[in-house]
């Protein structure tokens, strides 16, 4: 949808407000910048080997993205609606659900159903029959293959096998409507047919809708791109023939595209979107599923992450001007408002998605219910596994922490349209399809739209675990920048509030001095993040600091100046395998036995990649160690980076992103670093030693200094003295006493300052 036709843009264009006109100019500038990047990418593709592959250059990018974006949004809507349908059916007793299945399968007279169940049966029956007819009309099902009393058969054995082979829900993706073998009800039961209508009916309808959408989308692609033969003279553009293999029953597997030729980038995009079969998808292997599973473990299953997610979205809502609406919508969601549910259902019907959809896909809500004994259920809850009470709650909350903000902006957008046209915003029938889509598209984009295209190279880095969560970072970064540029007044207000609390890295900040009291990993870089929040912000005038950088969406640029990339999950696993923590610290001693080393590595692995509050997760291990120390008196209590005991309070504080820094130790470290820098310009005594390496090293050091000019040495001394003074002044202001002269003149460190006198030239 172009900006000229967008209802929201049309309202902005008619507005007399200066900021509305400014916002349009910012949008236009970003569009021109995007076009410029596309041209640069195409130039690189033509002139630099492999650049096109890395940059994911596509000739029909906009057209493909528009069609696939709509496909993904509609798919999301289908899954959400199916999940709601399953929930609705689930309110029936299990006995009535099984009876309904038998009636739908023609194994029981519908008149035998309880009276209050029959209307629902009739609705379900009509929905399935209408779905079959729609497939016939779309050419995705032959009329002769339409089955009377049809409900799809799922057998527990096949479902379980699919799960064991890491092909979750493979059975749900089958789309072939063959004439099935006639079996008695006893035979079906013997094969363990899934006869719970909440599962079978929901997935029957789901599969019909998915198959219909796929047929319709393939038809749209065929109309737009397909040719019977590659066109003559199509230089520089490769054409690919789509298979015309049969799906059975006279139906082509790839619908209207079967046997046709399409441009190579179109074929690749369809394959990546799984439109041409899961076997062709790039990121469908067990390894990628493992990485996604770890992502879920460290985010969805971490209760503290939820706090940061909500906080970062609130900060973004302020930049967008959605803060008031977000607060109201959140309150409506928490209170269980019926009106909120109506808005949620409308948004869902338009393809509302969340980060959870990106991590776990859309099939999760439609899995078969899992049983097990008390112990099994307890273990599943401890791990927050799929299907467990705690696992489902965590997933729901994580999803809604995204959705509630998108719904808030969606509602705000529709209120703008309703006001412009003069009708009640709650009368959804008054909105056109284009208006609803425009409002939803803007809402999705403003809080990251996961249905749109993502660069294949960057996606590989994300999915492989080398740079996990890159999808969110890449898509949120330009969106945050645009929001700040559109409303510079709000951005400055945010900076003023941050500055008042000592949290701004830009406004009134002295990052150089502030960093002196922090460990290196907590320092604010020259570009800490997109909205200028310090990486770690002091809580009042205490020694406690809050990890404020995590509250900001988009890239965090800490370390970019040092090119510090740790390899994500992959780099962490390599470190663990070599006896280190994921951050590269040693976790085992030279004297440890093989069993001890293996145990420490396994504990480090679970600490890093299991749900943090599970018994073997990060906080679970720490709480367990603290409890063991309290009961036994053993020296196993968890400690902070300064080797001080954390205690239960410290463990929980770390969870919410609050840590205590030892200012005296940190200033002492800075003094030592400054001294080392100074020693580079101080000659050393050549040792009377048989160690030739030491002797040569000392001589080389002195020779290097001898080559320096008097001016260079003067400047070195001046820089050193200034640095010492800066550290001392900062420490004094912080209430920390440091004896710099003792450090400079003492004998520690080999005598570079005390044992050997060096005079700077006059």
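Determine, yes or no, whether residue 689 is surrounded by fewer than 16 Cβ atoms within 10 Å (Cβ to Cβ) and either at pLDDT below 85 or in contact with a helix residue (DSSP H, G or I) (Cβ under 9 Å, 6 or more places away or on another chain) (or both). Considered against the rule, which asks whether it is surrounded by fewer than 16 Cβ atoms within 10 Å (Cβ to Cβ) and either at pLDDT below 85 or in contact with a helix residue (DSSP H, G or I) (Cβ under 9 Å, 6 or more places away or on another chain) (or both), residue 689 comes out as yes. Scanning segment 573-601 for residues that are under 22 Å from residue 287 (Cβ atoms) and part of a loop (DSSP other than H, G, I, E, B) yields 578, 582. Of the helices (runs of 4 or more DSSP H) lying entirely inside segment 426-544, those carrying at least 1 residues that are more than 30 Å from residue 569 (Cα to Cα) and in contact (Cβ under 8 Å) with a residue 24 or more places away in the chain are 433-446, 470-486, 488-500, 511-514. Condition check: over 39 Å from the mean Cα position of the chain (by Cα), in a helix (DSSP H, G or I) and without any contact (Cβ under 8 Å) to a residue 60 or more places away in the chain. Does residue 95 satisfy that? When the stated conditions are applied, residue 95 passes them. Among the residues making up segment 117-144, a single one is surrounded by fewer than 18 Cβ atoms within 10 Å (Cβ to Cβ) and touching a strand residue (DSSP E or B) at 6+ places or on another chain (Cβ under 7 Å): 142. Does residue 50 satisfy the condition of being in contact with a helix residue (DSSP H, G or I) (Cβ under 9 Å, 6 or more places away or on another chain) and within 30 Å of residue 237 (Cα to Cα)? So residue 50 does not fit the description; no. Here residue 58 passes the criteria (1) part of a helix (DSSP H, G or I); (2) within 25 Å of residue 461 (Cα to Cα) except the one numbered (1). Restricting attention to segment 254-289, the residues being more than 13 Å from residue 217 (Cβ to Cβ), in contact with a helix residue (DSSP H, G or I) (Cβ under 7 Å, 6 or more places away or on another chain), assigned to a loop (DSSP other than H, G, I, E, B) and at pLDDT 85 or above number 1. With the condition kept exactly as written, say whether any residue in segment 608-617 is touching a strand residue (DSSP E or B) at 6+ places or on another chain (Cβ under 8 Å) and part of a loop (DSSP other than H, G, I, E, B). No, that holds for no residue.
With respect to (1) at pLDDT 90 or above; (2) surrounded by fewer than 16 Cβ atoms within 10 Å (Cβ to Cβ), the lone exception for residue 1 is condition (1).
The values are calculated or read from the model by the stated rules, or taken from the named source; none is laboratory data. What you are looking at is a predicted structure, and each value in this text was computed from that prediction instead of being measured. Because the Cβ atoms are built from the backbone with ideal geometry, glycine has one as well, and the counts that use them run over all protein chains shown.
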